[in-house]
Structure formats: C-alpha cells, structure tokens
Amino acid sequence: MMADKHTKVLIIGSGPAGYTAAVYAARANLNPVLIQGQMPGGQLTITTDVENYPGFKDGILGPDLMEEMRAQAERFGTEIVFDWVNKVDSGQRPFRVMTDKSSYTADSIILATGATAKMLGLDAERELMGFGVSACATCDGFFFRGKELVVIGGGDSAMEEATFLTKFASKVTVVHRREEFRASKIMIEKAQNNDKVEFLLNKTVEDIIGTKEDGVSAIMVKDTATGEVSQFPTQGVFVAIGHTPNSQLFEGILDTG
Ligand code: NAP
C-alpha cells in the first residue's frame with residue numbers, strides 16, 4: 001500500500017474560500033495541499049460577469065477570476081491536486097484523508113467545499129432536469145434560443161439568470177413567492193429595465209408539466225393569497241432558489257471516531 005502523504009494543511013475545495021485559504025497558508029510557509037474537487041474553481045466558473053468583486057472596476061468573468069486565484073495560490077507554493085475526497089478520519093491525529101487517487105495525513109484540514117444549487121423537490125423537476133429544467137443559465141441557456149422561459153426565485157441568482165437568459169430567450173418570466181425581492185437593488189433594476197423580463201409574483205410552483213421527449217410546456221402555480229392554482233405556459237424552467245452548503249453533505253464522510 002502506498003504511504004500517506006503528510007501535509008501541515010490540507011484544503012478541501014477550490015472556490016474563492018479554498019484559494020484564499022491557500023494563499024494565506026502558503027505565505028505562512030505551511031506548504032498546503034489543496035484538493036480541487038470535481039469542479040475546479042467552483043460555482044464562479046459557471047457564471048459570467050462578476051461586477052462586485054473589489055479590484056476589478058470593469059468587472060471580470062467568473063472563470064477568469066478563479067484562474068487568477070488559482071495562479072496566486074500556486075505562486076506561493078500551494079500544491080493543487082485534481083482529486084475528490086471520499087473520507088475524512090478526524091478521530092486520529094494527524095487526520096487521515098482518503099481521496100479517489102491518494103491518501104493524506106494532515107495536521108489541519110480546511111473545509112472550503114462551498115454550496116450546491118437548491119431545488120424545489122418536485123418529482124417533475126428531477127425527471128425533466130436536462131429536458132427543459134435547469135439550474136444553470138450559463139450552462140444551458142444556449143439551448144433555449146427564441147423560447148419563452150421562467151426563472152424561479154427572487155434573489156441575486158434569479159435576477160442574474162433572468163437577465164442572462166434574455167440573450168437567448170424571447171421572454172423570461174421571474175416567478176417569485178413574494179412581492180419583495182431578496183436580490184440587491186442594482187440586480188432587480190437591471191432585470192426590471194430589460195424589456196424581455198416579466199414578473200409573476202406571489203406564486204409558488206407546484207408542478208412542472210412536460211415530457212423528456214417534448215420538453216417543458218407549462219408550470220402549475222399557486223397564488224399565495226387566494227390559493228388558486230393555474231397553469232402558466234413556458235418552454236423552459238430555470239430554478240434559482242439559493243444554495244445548500246456542501247459541508248452538510250460532508251458530515252456523511254466525516255468520521256469522528
Ligand atoms: P438567495 O439570496 O438565498 O435567494 C433565494 C431566493 O429563492 C429567495 O428569493 C427565496 O425566496 C427563493 N426561494 C428559496 N426557496 C424557495 C422555494 N422552495 N420555493 C420558491 N422560492 C424559494 O440565493 P441566491 O439568489 O442564490 O444568492 C445566494 C448568494 O449569492 C447571495 O448572497 C447573493 O447575493 C449572491 N449572489 C450574487 C450575485 C451577484 O452579485 N452577481 C449573483 C448571484 C448570487 P424568499 O425571498 O421568499 O425567501
């Protein structure tokens with residue numbers, strides 16, 4: 001059996017938190033190892049313009065920002081590994097970490113595993129994922145050229161996705177369960193000022209109508225005031241209702257002995 005590689009600091013995750021931790025640990029001469037996970041650079045690699053990261057006055061593309069961070073972490077001596085962590089034994093010192101390709105012992109571990117898009121939990125949403133339902137406008141928007149779409153949610157993600165999707169769609173309706181938005185003013189205004197964006201408020205999405213063969217044809221929405229359920233025609237559904245921390249999923253592989 002191959003011997004474990006020892007490191008003082010093992011960082012799990014390659015989003016902004018992971019790379020920031022790596023820059024600091026490397027500059028403290030701790031020679032960190034950073035395990036990138038399945039999506040190097042994390043969720044920012046599937047977004048477009050980042051306008052609110054200080055230091056880039058004209059904005060920067062998400063993938064470019066993550067490449068800058070990776071290079072900065074590497075410059076100070078972080079060992080960056082494309083691998084996936086399967087198990088963490090924190091019941092012994094040093095900690096032991098098993099990955100797809102290797103195993104490590106580490107004096108300390110930094111969990112920087114980010115978050116995953118939350119879904120509504122509807123059966124139809126699961127069945128039609130990739131067949132008219134998506135959680136990533138930059139990944140799938142291209143497939144909806146000339147179509148009428150809905151984006152579900154009222155946060156920055158929903159506003160960003162709605163605005164982005166107007167590049168392809170003929171109309172985008174933001175469906176939100178309240179009248180007020182969680183999104184920042186500037187993002188709301190951008191969506192509101194876009195001629196292709198409309199709003200359907202005080203509605204929850206109860207079901208998605210469609211088939212794998214023909215895609216989505218409508219959503220069933222319920223009015224939060226009257227309880228009335230009605231059909232709203234659409235050819236695609238983008239879910240943008242927030243994120244769940246991946247560290248929760250991590251509890252399943254964290255063995256505390
Ligand atoms: P969020 O701010 O948590 O917003 C989630 C939205 O989805 C809320 O409006 C929420 O409604 C709604 N929602 C949640 N669960 C729902 C459900 N089961 N059914 C229907 N609606 C539901 O999440 P986010 O928009 O993904 O943003 C996450 C973080 O990333 C925020 O800090 C945001 O500022 C940031 N972000 C920034 C940018 C940017 O600046 N460019 C872009 C994207 C994200 P309620 O409001 O009623 O709870």
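The values are calculated or read from the model by the stated rules, or taken from the named source; none is laboratory data. For clarity, every value in this text was computed on a predicted model and none was experimentally measured. Cβ coordinates were reconstructed from backbone atoms using ideal geometry, including for glycine residues, and neighbour counts include every protein chain displayed. Accessible surface is based on the protein model in full, side chains and every heavy atom, while ligands, DNA and RNA are left aside. Shrake-Rupley method; radii C 1.70, N 1.55, O 1.52, S 1.80 Å.
Overview of results
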{"item": "Three-way shape label, the range 1-137, alpha-carbon gyration tensor, a/c 1.5", "result": "oblate"}
{"item": "Label-to-label distance, nm, for residues given as residue 217 and residue 92 (7 Å Cα→Cβ offset)", "result": "5.9"}
{"item": "Cα gyration tensor shape of the range 123-257, rounded if a/c is under 1.5, else prolate or oblate by comparing a/b with b/c", "result": "rounded"}
{"item": "Spin-label model distance (nm) - residue 194 vs residue 102, 7 Å beyond Cα toward Cβ", "result": "4.2"}
{"item": "Rounded FRET efficiency, nearest 0.05, which uses the C-beta distance separating residue 67 from residue 6 and R0 of 35 Å", "result": "0.75"}
{"item": "Value at 222 nm in deg cm²/dmol, rounded to 500, when DSSP H runs of n ≥ 4 in the chain each add -39,500 (n - 2.57)", "result": "-6000 deg cm²/dmol"}
{"item": "Point-to-point label distance, residue 167-residue 76, nm (Cα→Cβ direction, 7 Å offset)", "result": "3.3"}
{"item": "Extension gain from residue 29 to residue 186, taking 0.36 nm per residue of separation minus the Cα-Cα distance", "result": "52.4 nm"}
{"item": "Considering only the chain, percent of DSSP beta bridges that pair antiparallel, nearest 5", "result": "45"}
{"item": "Heavy-atom surface of the range 92-180, accessible at 1.4 Å and reported per residue (Å²)", "result": "47"}
{"item": "Residue 84 long-range amide H proximity, modeled H, under 5 Å", "result": "100, 101"}
{"item": "Carbon/sulfur fraction of accessible area - the chain, other protein chains in place, 1.4 Å, %", "result": "51"}
{"item": "Table column - 3J(HN,Hα) (Hz), the range 151-162, Karplus curve with 6.51, -1.76, 1.60, x for Gly and Pro", "result": "10, 9, x, x, x, 4, 4, 5, 5, 5, 5, 4"}
{"item": "Trypsin sites (Lys or Arg not before Pro) within the range 1-105: DSSP coil, no more than 11 neighbouring Cβ in 10 Å", "result": "57, 101"}
{"item": "27 Å Cα-Cα threshold exceeded, pairs from 167/222; 190/212; 57/171; 171/212; 8/57; 118/222", "result": "167/222; 190/212; 57/171; 8/57"}
{"item": "Total formal charge among the other residues, if their Cβ is under 15 angstrom from that of residue 221, Lys/Arg +1 and Asp/Glu -1", "result": "-4"}
{"item": "Loop GluC sites (Glu not before Pro), the range 1-81 (other Cβ atoms within 10 Å of the site Cβ: 14 or fewer; DSSP)", "result": "51"}
{"item": "³J(HN,Hα) computed for each position of the range 42-49 - Karplus, 6.51 cos²θ - 1.76 cosθ + 1.60, integer Hz, glycine/proline x", "result": "x, 5, 5, 6, 10, 10, 9, 5"}
{"item": "Reference-scaled alpha-carbon Rg (2.2 N^0.38 Å with N residues) for the chain", "result": "1.17"}
